[in-house]
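Reviewing the structure listed below.
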Amino acid sequence: MTADSHISTEARPQRPVAARRWKWAIATAIIGATIWSVSGLDVSIERVMSAPGDAWAIVRLMWTPAFSTEIKRGVLGKVLESVYIAWIGTVIGAIISLPLSFLAASNVTPRVVRLPMRQLFNAIRSVPELIVAVILLGVTGLGPWAGALAIGLHSVGTLGKLSSEAIESIDAGPIEAVDAVGGRWVSAMRWAVLPQILPVVVSYWLFRFEINVRASAVLGMIGAGGIGAELVAQLNFRNFPEVGAVLLITIVTVVTIDLLSSALRRRIIQGGTGEDRSKSGELIDDLTGIALG
Amino acid sequence: MTSPASPATTWPKKPRPQLSILVGILAAVAFTVFSARQINMQLSTFIDLWTNPLWEKFWPIPWEWVLNRHNVIDPLIETFQIAIVSTLIGCSLALPVSFAMSRLTSPNKVVYYSSRTVMNIVRAVPDLFWAKLLVTAVGIGAFAGAWALSIFSLAVMVKLFSEDVDGADPRPLEAAKAAGGRHVPSVATGVLPTVFPAYVAYALYVFELNIRASLVLGLVGAGGLGRVIEAQRQFFRFGRILGILVIIFVVVFVLEQISVALRKRLV
């Protein structure tokens, strides 16, 4: 009996008032921002209602995809060109960012060098690839090489940031060991830091490659070579079955590369034994989380 | 003679490099050389780039043109509006879809596999492909851009968030189910509160991505600041483009700092 009465008299804890006030403030801000944004976007109810129908009509027009026409037009070569552009861009980014990332890590580099290097990475990252490409295409002329350069430059920013964070999270013991036996800074980086970060950094490179494949497909749309140009050309002429074929080929390529690369990343991070699975799984999730930018 | 040297000679044997790593490196190098030839890579471009006379066109920046409200600021505001609307639409849709896509909270196998497949396909199409397709479907302008970015945010958001739902503590959900709760209320009370901070943090991150993506949407006719860049590019007015870049740089930088600070507080 006593136990029963104890349960019945126990009141529910009160919700904290401060948190509720915050909730209302945030909700108001979000709703306000939405109304302001929608009002500026020139949308009307009928436009919103008719849009799904219009989009569906296009999807219907794309069926059935005209694969044979597209293959005759060399679409496979173009999609491969996008992959080559992405790969070269990733290689450029990897080669330039690896040494620079040491100069941006707080545990191995003094403030004077580190802060400007970090701001450099931030600056590079904040300019989208496409805009870099717009400028480079203006200077070097159209072509896949300019696209690869643009992707490479942008990758320096993202890879540099991620790699320097990887360096910051290493075990300091080996560096102390190199210092203790009188090794120079470069030796400490080569023998104490690099072996620790290499698996993580290589998996960052692979992840960046996955992102860059999409980026290089997009770069084609403004004339930097690859599959994007084909999509724009066919869309502009309203050849919808051909558009469908280009889209499907792009999707198959991107998904294949994603699967290969993520299998490889898993293998690199986990090693051959497959032990420590949950921790590595977390790391891969983290990679997916951070590296998307 | 030999005795003082003998401790130094007992080095541990250097491990031999693994065959798989050697093959991997060789394959990567070979593919790099092959790709470089395919896209006509020329290292001399790195030098030519700096000596190119076209750089003079980037200077001086015509500030009176750039700071004119009509030229840059209005399209920039439109860019923000696209980013805000699409973040909201994408992230709201992502909440139920992520729960459908997670092994822990999916109502049944059919929903689980079908949502995963659809989302993988959506994610495989680059953001500007969506924009170009939607411009064709619903007409040039910010409306197509907002729609394209909503799809893009949905795809990114479910990818990030569903993995957090996968990793959520299953016990509150089991407790709710054991007490006789139906599926949706059990998920809402048993899982949602534990993963909600991550959801908000990802939403802010997606907003950052959307700001950047919305800047370039205009290059394919989907509204925002990219439209201005495209127009100036066609007339080779690089000074103006550089001015726009400076503004983009400042704005993205400030917003990112705010968003990073907010995310740090949340997680």
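Please tell me if A:LEU142 is open to solvent by 20 Å² or more (accessible area, probe 1.4 Å), outside any helix (DSSP H, G or I) and either within 14 Å of another protein chain (Cβ to nearest Cβ) or at pLDDT 90 or above (or both).
On the way: open to solvent by 20 Å² or more (accessible area, probe 1.4 Å): yes; outside any helix (DSSP H, G or I): yes; either within 14 Å of another protein chain (Cβ to nearest Cβ) or at pLDDT 90 or above (or both): yes.
Yes; evaluated as a whole, the condition is true for this residue.
Residue check: is A:ASP171 over 21 Å from the mean Cα position of the chain (by Cα), surrounded by fewer than 17 Cβ atoms within 10 Å (Cβ to Cβ) and touching a residue at least 24 places away in the same chain (Cβ under 8 Å)?
Details: over 21 Å from the mean Cα position of the chain (by Cα): yes; surrounded by fewer than 17 Cβ atoms within 10 Å (Cβ to Cβ): yes; touching a residue at least 24 places away in the same chain (Cβ under 8 Å): yes.
Considered against the rule, which asks whether it is over 21 Å from the mean Cα position of the chain (by Cα), surrounded by fewer than 17 Cβ atoms within 10 Å (Cβ to Cβ) and touching a residue at least 24 places away in the same chain (Cβ under 8 Å), A:ASP171 comes out as yes.
I'd like to check something: does segment B:249-267 contain any residue that is open to solvent by 10 Å² or more (accessible area, probe 1.4 Å), under 18 Å from A:VAL134 (Cα atoms), within 9 Å of chain A (Cβ to nearest Cβ) and not in a loop (DSSP other than H, G, I, E, B)? Within segment B:249-267 (the criterion being open to solvent by 10 Å² or more (accessible area, probe 1.4 Å), under 18 Å from A:VAL134 (Cα atoms), within 9 Å of chain A (Cβ to nearest Cβ) and not in a loop (DSSP other than H, G, I, E, B)), the answer is yes, since at least one residue qualifies.
For segment B:81-101, the criterion of being open to solvent by less than 20 Å² (accessible area, probe 1.4 Å) and not in a helix (DSSP H, G or I) is met by none of the residues.
Here A:ARG190 fits the description: out of contact with any Asp or Glu (no Cβ under 9 Å at 6 or more places or on another chain), at pLDDT below 95, more than 11 Å from every other protein chain (Cβ to nearest Cβ) and surrounded by fewer than 24 Cβ atoms within 10 Å (Cβ to Cβ). Assigned to a helix (DSSP H, G or I) and within 30 Å of A:TRP63 (Cβ to Cβ): does that describe A:GLU210? Yes, satisfied. Of everything in segment B:210-226 that is within 15 Å of B:VAL72 (Cα to Cα) and in a loop (DSSP other than H, G, I, E, B), the residue that is farthest from the other protein chains (Cβ to nearest Cβ) is B:GLY224. Quick one: which residue in B:ILE151, B:ILE140 is surrounded by fewer than 23 Cβ atoms within 10 Å (Cβ to Cβ) and closer than 14 Å to B:ALA213 by Cβ? The match here is B:ILE151. Residue selection: A:TRP87 satisfies the criterion of being surrounded by 20 or more Cβ atoms within 10 Å (Cβ to Cβ) and within 14 Å of another protein chain (Cβ to nearest Cβ).
Looking across segment B:56-73, the residues that are loosely packed, with under 12 Cβ neighbours inside 10 Å and not in a helix (DSSP H, G or I) come down to B:TRP59, B:PRO60. When B:TRP130 is tested against the conditions (1) part of a helix (DSSP H, G or I); (2) modelled with pLDDT of 90 or more; (3) open to solvent by 50 Å² or more (accessible area, probe 1.4 Å); (4) away from chain A (no Cβ under 11 Å), the lone failure is (4). Of all residues assigned to segment B:123-137, at least one qualifies as being within 18 Å of the chain's Cα centre (by Cα), free of Cβ contacts under 8 Å to residues at least 40 places away in the same chain and over 28 Å from A:ASP42 (Cβ atoms).
Quick check on A:VAL232: is it out of contact with any Cys (no Cβ under 8 Å at 6 or more places or on another chain) and under 14 Å from B:TRP130 (Cα atoms)? Against the criterion (out of contact with any Cys (no Cβ under 8 Å at 6 or more places or on another chain) and under 14 Å from B:TRP130 (Cα atoms)), A:VAL232 qualifies.
Candidates in segment A:26-74 are the residues that are open to solvent by less than 80 Å² (accessible area, probe 1.4 Å) and touching a residue at least 12 places away in the same chain (Cβ under 8 Å); of these, the one that is nearest to B:VAL200 (Cα to Cα) is A:ILE58. Scanning segment A:145-168 for residues being farther than 14 Å from A:ALA86 by Cβ, in contact with a helix residue (DSSP H, G or I) (Cβ under 7 Å, 6 or more places away or on another chain) and open to solvent by 50 Å² or more (accessible area, probe 1.4 Å) gives a total of 1. Of all residues in segment A:75-91, those that are closer than 13 Å to A:GLY147 by Cβ and charged (D, E, K, R) have Cβ atoms under 8 Å from Cβ atoms of residues that are outside any helix (DSSP H, G or I) and open to solvent by less than 10 Å² (accessible area, probe 1.4 Å), 6 or more apart or on another chain, in A:LYS78/A:GLY226; A:GLU81/A:GLY226; A:GLU81/B:ILE39. Take B:VAL135 and decide whether it is facing chain A (nearest Cβ under 9 Å) and aliphatic (A, V, I, L, M). Considered against the rule, which asks whether it is facing chain A (nearest Cβ under 9 Å) and aliphatic (A, V, I, L, M), B:VAL135 comes out as yes. Here A:VAL252, A:VAL200, A:VAL243 are screened, and the one residue that is assigned to a helix (DSSP H, G or I), β-branched (Val, Ile, Thr) and closer than 30 Å to A:GLU176 by Cα is A:VAL200.
Go through segment A:45-129 and tell me which helices (runs of 4 or more DSSP H), entirely inside it, have 3 or more residues that are within 23 Å of B:ALA28 (Cα to Cα) and under 25 Å from the mean Cα position of the chain (by Cα). It would help to see each step written out before you state the result.
Values: elements: A:45-62, A:67-72, A:75-102, A:111-126.
By residue number, A:75-102.
For segment A:124-134, name all the residues that are more than 7 Å from chain B (Cβ to nearest Cβ) and either farther than 16 Å from A:SER155 by Cα or open to solvent by 10 Å² or more (accessible area, probe 1.4 Å) (or both). Selection gives A:ILE124, A:ARG125, A:GLU129, A:VAL132.
Residues that are farther than 12 Å from B:VAL165 by Cα and either among the aromatic types (Phe, Trp, Tyr) or crowded, with 22+ Cβ neighbours inside 10 Å (or both) within segment B:102-118 comprise B:TYR112, B:TYR113, listed in sequence order.
The values are calculated or read from the model by the stated rules, or taken from the named source; none is laboratory data. None of these values were measured; they are calculated from a predicted model. All Cβ positions, glycine included, derive from the backbone under ideal geometry; neighbour counts span all protein chains shown. For accessibility, only protein heavy atoms count, side chains too; no ligands or nucleic acids. Shrake-Rupley method; radii C 1.70, N 1.55, O 1.52, S 1.80 Å.
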